[in-house]
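Written below as structure tokens is the structure these notes are about.
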Amino acid sequence: MSGVDAPTWPEEFAARYRAAGYWRGETFGGLLRDRAAEHPDRIAIVDPGGASGTADASGVRRWTYGQLDRRADRLAAGFLARGITKGDRVVVQLPNIAEFFETIFALFRIGALPVFALPAHRETEIRYFCEFTEAAAYVIPAEHGGFDYRDLAAKVLAEVPTLRHVFVADGDPGAFEALSDVPAAPGPIPHPPAPSDLAFLQLSGGSTGVPKLIPRTHDDYIYSLRGSNELCGVDADSVYLVALPAAHNFPLSSPGSLGALHAGARVVLCPQPGPEVAFPLIESEGVTITGLVPPLALLWTEAAPSSAYDLSSLDVLLVGGAKFSEEAARRVGPALGCTLQQVFGMAEGLVNYTRLDDPDETIVTTQGRPISPDDEIRIVDDEDEELPVGATGHLLTRGPYTIRGYWRAPEHNARSFTADGFYRTGDVVRLTETGHLVVEGRAKDQINRGGEKIAAEEVENHILAHPSVHDANVVAEPDPYLGERTCAYVILRAGAEPLKPVAVKRFVRERGLAAYKVPDRVEFVEAFPQTGVGKISKKDLRAAASARPDSPGRPDSPGRPVSTSEPAQA
Ligand code: OOB
């Protein structure tokens, strides 16, 4: 039951999953090759942003399956020519541009492992990903959203000894090498990956000081794509809009861009997820399906009735990443004229969907049921004792596309997995009589900020680094739009200079952290509430945050505090 870097499925399970036809021996490199052979001239990728290259007169780039396949081959040879080989880790931090797919398929082909960073990550996160994975290369855009990734890359390159290459996928490469300039003579791949090999490392939302890495194999992930396609009605005629950041597990695989490519469908990249950018693309490209986090689904639902754009091609809107309220869920169908599909998934594996033909009540009141008949679900109490159906408890799961352990994290694994291989999701759920799950809460120390996951401990550690801070606790407080936002309770050192909340926020930001992790609110206190045994009570801190008279989560509070001009990370 051991891989070198992470525990994997015991052989009896692997044999069962193969026999059941879940794991069919496909690889990502092979699936693109097959689709390209079947229909080389069908459009695979539409990139309306238009980096230089094969754009048509309107600036839209369209790559056929044949072109994507050849580009992936060329770049695979280029990576090999630069000494990147099977098993090497490559941190990929790209926005929603066509080169994202060229890059990851090239890496898949040679068996190098993309590490899926998000565009919002900054120096602290990227340095950690590069150091921890001993990455050989880092792939960036020159600039995106007003941020210069070349500056970030220069810093990280100077700090991480294993990092040998920075490749710039789009824009002026500056001191680095442009992906398109890497010389290459496509030829046979020396050691192509096997279907049971790792394909990439995804990031966990995390509840610990540093993010954990999630090792996914070709076999297991491709099964989740096929299963998702079937349940979401994705076939060769579908058009999937990537509205969320492309590297996140939800828009990547539920059924996402990779599900769409598996089906031979069309993937349309959306540079911004707001209605003003997405709606025109839905009309012009005939988008049939997309996925959103709840805050964006709310925005779309509000904007659609008065929109001049024709959204009638949209059949299915998937909403997940955070709890979608029943009230908001009821509004989706009437406003957008499509079927809502709730999705409750996790990068570690298990994905639940409401079915397209579920009764409306089920669709608006549950978060769906698992993809696979072999997804095992256990709902347990604090002592790991199984609870009766209908009771609310901790969700544990095991199955053909749920990992058996994080990458190079034996201590975490001992806590996050049971001895018999069930993943402790940290979610608190209940099972309905129809086998659907309802998410009731969370036991992990995490804030779910509109789908963006923030580990409280990670932010607390950064605040604690401030010389005037004695102690800090970060908790969720309700937000009418995001669902939750972050509040940091801070105790200052005796005799320290008084601080303003904004100084704490600036301090965290300047430590090079993704902007979504900077606390929304900072409150200074004299002491933290304690439990009966003298531990700090986060439960009481959360209750205090919710009960504030000016809490934005209160029904009488004024409007929405955030802008969605930047892509939200699910
Ligand atoms: C998705 O993946 P992650 O890895 O960013 O986050 C997983 C966690 C879950 O454990 C749960 O706490 C929360 O996000 N979550 C939901 C939810 N969907 C995810 N909580 C309540 N209701 C939902 N519908 O977020 C993800 C991965 C694949 C598909 C969709 C979402």
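The values are calculated or read from the model by the stated rules, or taken from the named source; none is laboratory data. On a predicted model such as this, the values are computed, not experimentally measured, just so you know. Ideal geometry is used to build each Cβ from the backbone, glycine not excepted, and the neighbour counts take in all protein chains shown. Quick note on the areas: whole protein, heavy atoms, side chains included, nothing else; ligands and nucleic acids left out. Shrake-Rupley method; radii C 1.70, N 1.55, O 1.52, S 1.80 Å.
Overview of results
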{"item": "Among residues of segment 320-358, those that are near the ligand (Cβ under 7 Å from one of its atoms) and among the aromatic types (Phe, Trp, Tyr), counted", "result": "2"}
{"item": "Neighbours by Cβ (under 6 Å, 6+ apart or cross-chain): first from segment 239-257, open to solvent by 10 Å² or more (accessible area, probe 1.4 Å); second in a loop (DSSP other than H, G, I, E, B) and away from the ligand (no atom under 13 Å from the Cβ)", "result": "Val239/Gly286; Val239/Val287; Val239/Thr288"}
{"item": "Residue in segment 486-494 that is on the phi > 0 side of the Ramachandran plot and buried (at least 21 other Cβ atoms within 10 Å of the Cβ) present", "result": "no"}
{"item": "Some residue of segment 259-277 being within 13 Å of the ligand (Cβ to nearest atom) and open to solvent by less than 10 Å² (accessible area, probe 1.4 Å)", "result": "yes"}
{"item": "Within segment 441-454, tally of residues that are within 9 Å of the ligand (Cβ to nearest atom), assigned to a loop (DSSP other than H, G, I, E, B) and within 15 Å of Val319 (Cα to Cα)", "result": "1"}
{"item": "Per-region count, segment 228-251, residues polar (S, T, N, Q) and more than 15 Å from the ligand (Cβ to nearest atom)", "result": "1"}
{"item": "Selected residue (only one of Ala329, Ala265 is closer than 23 Å to Asn96 by Cα and in contact with a strand residue (DSSP E or B) (Cβ under 7 Å, 6 or more places away or on another chain))", "result": "Ala265"}
{"item": "Any chance Glu458 is in a helix (DSSP H, G or I), buried (at least 17 other Cβ atoms within 10 Å of the Cβ) and of a type in the set (D, E, K, R)", "result": "yes"}
{"item": "Residue match in segment 359-378 (condition: away from the ligand (no atom under 14 Å from the Cβ), over 26 Å from Ile282 (Cβ atoms), of a type in the set (Asp, Glu) and out of contact with any helix residue (DSSP H, G or I) (no Cβ under 8 Å at 6 or more places or on another chain))", "result": "yes"}
{"item": "Among residues of segment 429-439, those that are more than 9 Å from the ligand (Cβ to nearest atom) and open to solvent by 20 Å² or more (accessible area, probe 1.4 Å), counted", "result": "6"}
{"item": "Selection within segment 377-402 - under 15 Å from Ser224 (Cβ atoms) and either surrounded by fewer than 20 Cβ atoms within 10 Å (Cβ to Cβ) or among the charged types (D, E, K, R) (or both)", "result": "Arg398"}
{"item": "Among (1) of a type in the set (A, V, I, L, M); (2) surrounded by fewer than 19 Cβ atoms within 10 Å (Cβ to Cβ); (3) within 16 Å of the ligand (Cβ to nearest atom) - the single one Leu225 does not satisfy", "result": "(2)"}
{"item": "Hey, Arg35 in a helix (DSSP H, G or I) and surrounded by fewer than 23 Cβ atoms within 10 Å (Cβ to Cβ) or not", "result": "yes"}
{"item": "Inter-residue pairs, beta-carbon under 7 Å, first under 17 Å from Asp219 (Cβ atoms) and in segment 340-351, second within 6 Å of the ligand (Cβ to nearest atom) and in a strand (DSSP E or B), 6+ apart", "result": "Val351/Val343; Val351/Gly345"}
{"item": "Filtered residue count, segment 424-440, keeping only those that are on the phi > 0 side of the Ramachandran plot and either assigned to a loop (DSSP other than H, G, I, E, B) or more than 19 Å from the chain's Cα centre (by Cα) (or both)", "result": "1"}
{"item": "Flag for Arg216 being at pLDDT 95 or above and within 14 Å of the ligand (Cβ to nearest atom)", "result": "yes"}
{"item": "Of the criteria (1) under 21 Å from His248 (Cα atoms); (2) open to solvent by 10 Å² or more (accessible area, probe 1.4 Å); (3) more than 21 Å from the chain's Cα centre (by Cα), which one Ser284 fails", "result": "(1)"}
{"item": "Scan of segment 519-543 for residues that are free of Cβ contacts under 8 Å to residues at least 24 places away in the same chain, surrounded by 15 or more Cβ atoms within 10 Å (Cβ to Cβ) and either touching a helix residue (DSSP H, G or I) at 6+ places or on another chain (Cβ under 7 Å) or aliphatic (A, V, I, L, M) (or both), ordered by number", "result": "Pro529"}
{"item": "Members of segment 374-394 found to be over 23 Å from Tyr22 (Cα atoms) and aliphatic (A, V, I, L, M), listed by number", "result": "Ile379, Val380, Leu387, Val389, Ala391"}
{"item": "Verdict on Arg485 being away from the ligand (no atom under 12 Å from the Cβ) and within 20 Å of Arg216 (Cα to Cα)", "result": "no"}
{"item": "Of residues in segment 174-202 being under 24 Å from the mean Cα position of the chain (by Cα) and open to solvent by 40 Å² or more (accessible area, probe 1.4 Å), the one farthest from Phe132 (Cα to Cα)", "result": "Ser196"}
{"item": "Qualifying positions in segment 287-341 - open to solvent by 30 Å² or more (accessible area, probe 1.4 Å) and of a type in the set (Phe, Trp, Tyr)", "result": "Tyr309"}
{"item": "Qualifying residue in segment 64-80 (condition: part of a loop (DSSP other than H, G, I, E, B) and open to solvent by 20 Å² or more (accessible area, probe 1.4 Å))", "result": "no"}
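This table checks each residue for (1) open to solvent by less than 20 Å² (accessible area, probe 1.4 Å); (2) acidic (Asp, Glu).
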residue: His121; (1), (2): yes, no
residue: Glu134; (1), (2): no, yes
residue: Glu143; (1), (2): no, yes
residue: Asp151; (1), (2): no, yes
residue: Asp172; (1), (2): no, yes
residue: Thr217; (1), (2): yes, no
residue: Asp220; (1), (2): yes, yes
